[in-house]
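Below is a structure I'd like to ask you about.
The values are calculated or read from the model by the stated rules, or taken from the named source; none is laboratory data. Because the structure is predicted, anything quoted here is derived from the model rather than measured. Here the Cβ is made from the backbone with ideal geometry for all residues, glycine too, and neighbour counts use every protein chain on show.
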Amino acid sequence: MMNWKGLSILIAAIIFLGVLAACQTPQIVSEGDEPMPEIKPTSDEPPESAFASLPQRSGARTQTSGSVPHVQIGVEPVPAVHDELLRRAFSLPDIENRPTIVSLPGTRGMWLSDGIPLAHAEVIVSGREFAHIHPDGSLHAPLPFERAIEAVEKGWAERHPWADQRDGWEGLVMLFTPQSMTELDVTFQLIVESYNHVTGRNINPSDFQPANGDD
């Protein structure tokens, strides 16, 4: 029979081996022991100032009625530029070319297809017609407020007479008729910004190459 001395040595050996095993075993940490790193979701919505600053528009400032109906005075479109304006505008995804429901006869409404989510529905005047192009090539469209102010200051636009009459309409402007392909590039940039503002999408003007590079 094992004496007390032998039993003490055996117990000490068992304890030592247990401690040694514990030191060599990797520590397992459960998810509840330490918070997992936070993964922040990304967003496809462009920032309100996603595009470059606007250039100053050359020439005399366009004259307008200053009231409703809000129209230009004495401006004629350049046929080739006007055709390209329509081509680009109605090439945007999920845009339907419809007769306007809010403007003068002959105006073409840029209607967002049913089912397309809207990030800023409050900026639309009626229905899903977020913008419209008049027969003379000018157009009404909502922009982020800061961009609308810049477009006015740089000579590309004029705020709509109703812009301060309802929440959401602060950035509603009339973009003046582009008179060259170079001006059209700026006008179309603003149309795309308006489209992105309303839909929350991130379309770039460069995705829609001009039909030709002539001014």
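Can you tell me which of PRO135, PRO117 is at pLDDT 95 or above, within 30 Å of ALA80 (Cβ to Cβ) and part of a loop (DSSP other than H, G, I, E, B)?
Answer to the check: PRO135.
Just name the residue that is farthest from ILE191 (Cα to Cα) out of those in region 61-104 that are out of contact with any helix residue (DSSP H, G or I) (no Cβ under 9 Å at 6 or more places or on another chain), surrounded by 12 or more Cβ atoms within 10 Å (Cβ to Cβ) and among the basic types (Lys, Arg).
My answer is ARG98.
Here's a follow-up. For LEU54, all conditions in the list (1) in a loop (DSSP other than H, G, I, E, B); (2) more than 26 Å from the chain's Cα centre (by Cα) hold save one; what is the number of the exception?
That leaves (2) as the condition not met.
Just for region 105-115: of the residues that are within 20 Å of the chain's Cα centre (by Cα) and surrounded by 14 or more Cβ atoms within 10 Å (Cβ to Cβ), which one is farthest from MET174 (Cα to Cα)?
Among residues in region 105-115 that are within 20 Å of the chain's Cα centre (by Cα) and surrounded by 14 or more Cβ atoms within 10 Å (Cβ to Cβ), the one farthest from MET174 (Cα to Cα) is LEU112.
Among residues belonging to region 123-133 that are hydrophobic (A, V, I, L, M, F, W, C) and surrounded by fewer than 21 Cβ atoms within 10 Å (Cβ to Cβ), point out the one that is farthest from the chain's Cα centre (by Cα).
Top of the filtered list is VAL125.
Please verify whether HIS120 is under 19 Å from GLN72 (Cβ atoms), surrounded by 13 or more Cβ atoms within 10 Å (Cβ to Cβ) and touching a residue at least 12 places away in the same chain (Cβ under 8 Å), treating the condition exactly as stated.
no
Sticking with this structure for a sec: Residue check, THR187 against (1) buried (at least 24 other Cβ atoms within 10 Å of the Cβ); (2) among the β-branched types (Val, Ile, Thr); (3) in a loop (DSSP other than H, G, I, E, B), all met but one. Which one?
It fails just one condition, (3).
Same structure, new question: Go through region 134-162 residue by residue and tally those that are hydrophobic (A, V, I, L, M, F, W, C) and either crowded, with 21+ Cβ neighbours inside 10 Å or in contact with a helix residue (DSSP H, G or I) (Cβ under 8 Å, 6 or more places away or on another chain) (or both).
To start, the set of residues in region 134-162 that are hydrophobic (A, V, I, L, M, F, W, C) comprises 139, 141, 143, 145, 148-149, 151-152, 156-157, 162.
Okay, now just the ones that are also either crowded, with 21+ Cβ neighbours inside 10 Å or in contact with a helix residue (DSSP H, G or I) (Cβ under 8 Å, 6 or more places away or on another chain) (or both), so 139, 141, 143, 148, 151, 156-157.
Of the residues in region 134-162, 7 are hydrophobic (A, V, I, L, M, F, W, C) and either crowded, with 21+ Cβ neighbours inside 10 Å or in contact with a helix residue (DSSP H, G or I) (Cβ under 8 Å, 6 or more places away or on another chain) (or both).
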